[in-house]
Amino acid sequence: MNAAQEEQALNHISTGHDSSAPILVIDTSFGSTVGIVGQETIAERDSRSHVEHLEVNINQAVERAGLTLGNISTIVVGTGPAPFTGLRAGIVTAKALAFVTGASLVGQNVLEAEALWMAAQGLPASADTASDADSSDSPLQESNGADNGDAATHLVLAVNDARRKQLYWALYQVDPVSAQRSQAGKLLNTVNTVNTVMPMDIDYPDNIVDRVNTYIDDVAHEAGGDITVDVMGHGVERYADILQGIARLRTMHDGSLLEAGAQGVRTFAELALAHSAHGDDVEANPLYVRRPDVQVPNPLKRVVNAS
């Protein structure tokens with residue numbers, strides 16, 4: 001897909017006219033989500049057995065939209081971060097479909113998309129977006145922390161369950177107004193809406209809290225302390241007691257935008273295509289993050305025969 005085609009696909013998403021350039025979204029970062037942009041999605045929350053249903057769900061989603069796989073113009077696939085087996089299955093499937101159908105393939109990391117979604121859903125709508133972006137159905141739960149929705153610095157800690165008592169995570173600074181406009185279908189290019197301030201990593205929840213709080217202390221010193229933090233992703237509920245220790249915490253939500261139906265899938269695809277149109281790296285390469293358990297052993301020392 002060239003730049004003009006990517007801009008056209010973005011325009012189709014933003015204006016709601018998706019049928020002329022069907023976009024298939026596949027993600028297996030946690031459970032699995034399959035959907036055609038503009039249509040209802042099929043989600044499997046079981047992160048242990050979702051792979052076996054993937055092919056069936058893809059075919060079902062395409063048929064529900066009145067399409068065939070040959071009609072698909074673009075495939076957007078989640079690249080994680082996530083554990084090896086499930087993530088690999090989704091990406092391999094997406095690559096195979098792109099090869100067979102000739103569809104363009106675009107990769108998108110899940111954490112960045114979570115941050116965009118969290119900001120759009122969790123903040124009070126401004127005057128020019130309130131009529132379009134209905135936040136009444138937001139799944140967010142207020143914490144006992146900060147409640148300043150108009151913070152000068154709005155941070156989102158996006159996480160995904162890495163198992164082994166660890167979380168994949170990244171910290172983002174989000175422009176709330178741009179995020180809300182994206183949800184309202186008013187923003188074509190969402191690339192500059194989410195900025196990474198602490199890059200993707202894997203760690204234990206208590207270490208993540210310490211690292212994020214250190215960053216917040218530094219920012220508060222420079223920005224006068226006007227900061228709020230939202231947390232979103234799979235693993236939030238499991239480690240809620242620990243994550244409550246984040247300074248300036250406003251809301252936490254366990255879940256994914258890809259489980260939020262058609263609107264979540266649309267946001268995911270829009271962000272991916274915006275990156276592609278912007279010339280960013282959108283290769284569908286899996287983000288495992290965790291170092292391999294098996295290490296190459298050091299070579300044996302040569303023993304010299306003293307005799």
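Structure values in brief
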| quantity | calculated |
| --- | --- |
| Flag if Ser47 is of a type in the set (Gly, Ala, Ser), under 25 Å from Glu114 (Cα atoms) and at pLDDT below 95 | yes |
| Condition broken by Ile227, with the remaining ones in (1) crowded, with 17+ Cβ neighbours inside 10 Å; (2) farther than 21 Å from Ala119 by Cβ; (3) not basic (Lys, Arg) satisfied | (2) |
| Checking Val194 against (1) surrounded by 22 or more Cβ atoms within 10 Å (Cβ to Cβ); (2) at pLDDT 95 or above; (3) of a type in the set (A, V, I, L, M, F, W, C), the condition it does not meet | (2) |
| Only listed residue being within 19 Å of Phe268 (Cβ to Cβ), assigned to a helix (DSSP H, G or I) and at pLDDT 95 or above, chosen from Ile58, Ile26 | Ile58 |
| Single match in Val56, Val76 (criterion: outside the structural domain of Ala158 (by TED's automatic domain parsing) and either charged (D, E, K, R) or touching a strand residue (DSSP E or B) at 6+ places or on another chain (Cβ under 8 Å) (or both)) | Val76 |
| The stretch 227-253, residues that are outside any strand (DSSP E or B), of a type in the set (A, V, I, L, M, F, W, C) and closer than 12 Å to Val209 by Cβ | Ala240, Ile242, Leu243, Ile246, Ala247 |
| Filter result (at pLDDT 65 or above and either on the phi > 0 side of the Ramachandran plot or touching a Gly at 6+ places or on another chain (Cβ under 7 Å) (or both)) within the stretch 148-191 | Ala158, Val159, Asn160, Asp161, Arg163, Arg164, Lys165, Leu167 |
| Near pairs, Cβ below 8 angstrom, 6+ apart or cross-chain, from the stretch 236-257 (under 19 Å from Ala220 (Cβ atoms) and assigned by TED's automatic domain parsing to the domain that holds Asp218) to any residue that is in a loop (DSSP other than H, G, I, E, B) and among the acidic types (Asp, Glu) | Arg250/Asp147 |
| Single match in Gly224, Gly245 (criterion: over 20 Å from the mean Cα position of the chain (by Cα) and at pLDDT 95 or above) | Gly245 |
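Every residue, every condition in (1) in a helix (DSSP H, G or I); (2) touching a residue at least 40 places away in the same chain (Cβ under 8 Å), yes or no:
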{"position": "Leu67", "(1), (2)": "no, yes"}
{"position": "Gly70", "(1), (2)": "yes, no"}
{"position": "Val76", "(1), (2)": "no, yes"}
{"position": "Pro81", "(1), (2)": "no, yes"}
{"position": "Leu87", "(1), (2)": "yes, yes"}
{"position": "Ile91", "(1), (2)": "yes, yes"}
{"position": "Ala94", "(1), (2)": "yes, yes"}
{"position": "Leu97", "(1), (2)": "yes, yes"}
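The values are calculated or read from the model by the stated rules, or taken from the named source; none is laboratory data. As the structure is a computational prediction, the values presented were derived from the model and not from experiment. When we count neighbours, we look across all protein chains shown, and the Cβ atoms used for this are built from the backbone with ideal geometry, even at glycine.
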